[in-house]
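A.B. asks: What follows is a structure written as structure tokens; I'll ask about it next.
What follows is calculated from the coordinates using simple rules that are stated; it is not laboratory data. Source: prediction; values computed, not measured. Cβ: placed from backbone, ideal geometry, glycine included. Neighbour counts: every protein chain shown.
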Amino acid sequence: MKKTFSLSHPKIKPARKVEAAKGEINKYLKRERGKKLPEGFDFWGFNCQFGENEESKTPVHESEIFAKIDASEKENKESFYLEILADPRKRTKKPKA
């Protein structure tokens, strides 16, 4: 998913646009997690990038996406860019202390 979400609309309040964007993101993540994994992989990981526009994107963990969206809303931004790419990954054991 590579998309610029608009937070401004003449008739729709920004809070509703934010909730719609979050719903679309959750739907995308759920759909990607449901896909069949390639042989030898354990789970789907996501490479996420967030920014005001495509040129200013920076890497972000998927658990921080909604906090970044809320921050954009509080700063009265017009829009934000979000890029989420699914990546099959293998689980690794934590090193013993």
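A.B. asks: Restricting to region 39-86, what's the tally of residues that are out of contact with any helix residue (DSSP H, G or I) (no Cβ under 6 Å at 6 or more places or on another chain), of a type in the set (Asp, Glu) and farther than 17 Å from Lys27 by Cα?
C.D. replies: Looking only at that region, the number is 8.
A.B. asks: For region 25-44, what are the residues that are outside any helix (DSSP H, G or I) and loosely packed, with under 15 Cβ neighbours inside 10 Å?
C.D. replies: Those that are outside any helix (DSSP H, G or I) and loosely packed, with under 15 Cβ neighbours inside 10 Å: Gly34, Lys35, Lys36, Leu37, Pro38, Glu39, Gly40, Phe41, Asp42, Phe43.
A.B. asks: Keeping to region 64-92, report how many residues are over 23 Å from Pro14 (Cβ atoms) and of a type outside the set (D, E, K, R).
C.D. replies: 4
A.B. asks: Hey, Lys94 hits all of (1) more than 16 Å from Ser6 (Cβ to Cβ); (2) of a type outside the set (Gly, Ala, Ser); (3) in contact with a Ser or Thr (Cβ under 8 Å, 6 or more places away or on another chain) but one; which does it fall short on?
C.D. replies: Going through the list (1) more than 16 Å from Ser6 (Cβ to Cβ); (2) of a type outside the set (Gly, Ala, Ser); (3) in contact with a Ser or Thr (Cβ under 8 Å, 6 or more places away or on another chain), Lys94 breaks only (3).
A.B. asks: So, in region 58-89, of the ones that are part of a helix (DSSP H, G or I) and among the polar types (S, T, N, Q), which residue ends up surrounded by the fewest Cβ atoms within 10 Å (Cβ to Cβ)?
C.D. replies: Ser63
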